[in-house]
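Below you'll find the structure, written out as structure tokens, and then a few comments.
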Amino acid sequence: MPISALPQKIRDHYEIHEWRHASAILEKDFPSEWSDICDVLPRFKLCKSFITTKGGNKSEISKWFDTHLNKARGWIEKEFDTSVVVDGASVNSPTHSVDCFKNRVALEIEWNNKDPFYDRDLNNFRLLFELRVISVGIIVTRSDALQTIFNNLGRGSSYGQSTTHMSKLLPKVEGGGAGGCPVLVFGIKNTLYDEGC
């Protein structure tokens, strides 16, 4: 299942990249989760209020996905209790919690964090994949083209070069940050921007 087979509305409004056949694995092995992604992503609108509202612990974008994936479709925020055993001695090896998790599919929302958060997410995907806990990692982030909108709204400095956006993510994934874990990335494009909400 190449990216070109994704629903047209997703291809029109998201910058999409994949590694290690992530979309084919999702479509064939996890049809319910694939259906969730294909149904939820086209419903998203980047409301002006999401950008102009000051941030807190969680962005308005993350809250939107929490409502439409976690609450509506049974995805959960998940922290895994992991440890390493060497010569019978167990050492805790905690992972970072995953924003949205369902049936071996992990999805992270990275809207406006510092770009090292990508390293954390990809390393988490790598570890959980190697432990046979996840089969695919997904990241929803923002495309670089949104910077013009942020600038026009007087919020450009809040969405600076050192924060999470596609050109910061791609080199990290292409450099092997997720190890062998298949990864699918969606970058929110300016075509999703809606001044009316």
Pair list, Cβ < 9 Å and 6+ apart or interchain, from segment 24-35 residues that are among the hydroxyl-bearing types (Ser, Thr, Tyr) to residues that are buried (at least 18 other Cβ atoms within 10 Å of the Cβ) and not in a loop (DSSP other than H, G, I, E, B): Ser32/Lys102
Condition broken by Ser97, with the remaining ones in (1) within 14 Å of the chain's Cα centre (by Cα); (2) free of Cβ contacts under 8 Å to residues at least 12 places away in the same chain satisfied: (2)
Scan of segment 33-73 for residues that are of a type outside the set (D, E, K, R), more than 20 Å from Lys114 (Cα to Cα) and loosely packed, with under 13 Cβ neighbours inside 10 Å, ordered by number: Ser49, Thr67, Ala72
Subset of segment 26-41 that is closer than 12 Å to Leu69 by Cβ and of a type in the set (Asp, Glu) - its residue that is farthest from the chain's Cα centre (by Cα): Asp39
Subset tally (residues that are out of contact with any Phe, Trp or Tyr (no Cβ under 8 Å at 6 or more places or on another chain) and part of a loop (DSSP other than H, G, I, E, B)) for segment 1-44: 7
Selected residue (criterion: modelled with the highest pLDDT) from residues of segment 157-171 that are out of contact with any strand residue (DSSP E or B) (no Cβ under 7 Å at 6 or more places or on another chain) and crowded, with 17+ Cβ neighbours inside 10 Å: Lys168
Qualifying positions in segment 171-197 - touching a Cys at 6+ places or on another chain (Cβ under 7 Å) and not in a strand (DSSP E or B): Cys197
Top-ranked residue in segment 110-139 [being of a type in the set (Val, Ile, Thr) and in contact with a strand residue (DSSP E or B) (Cβ under 7 Å, 6 or more places away or on another chain); ranked as farthest from Ser162 (Cα to Cα)]: Ile134
Failed item, numbered, when Ala5 is tested on (1) over 18 Å from Val183 (Cα atoms); (2) loosely packed, with under 12 Cβ neighbours inside 10 Å; (3) at pLDDT below 85: (1)
Which numbered condition Asp12 fails, given (1) free of Cβ contacts under 8 Å to residues at least 60 places away in the same chain; (2) among the charged types (D, E, K, R); (3) surrounded by fewer than 16 Cβ atoms within 10 Å (Cβ to Cβ): (1)
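The values are calculated or read from the model by the stated rules, or taken from the named source; none is laboratory data. Quick caveat, the model's predicted, so the values are computed rather than measured. Reconstructed Cβ throughout: ideal geometry from the backbone, glycine too, with neighbour counts over all protein chains shown.
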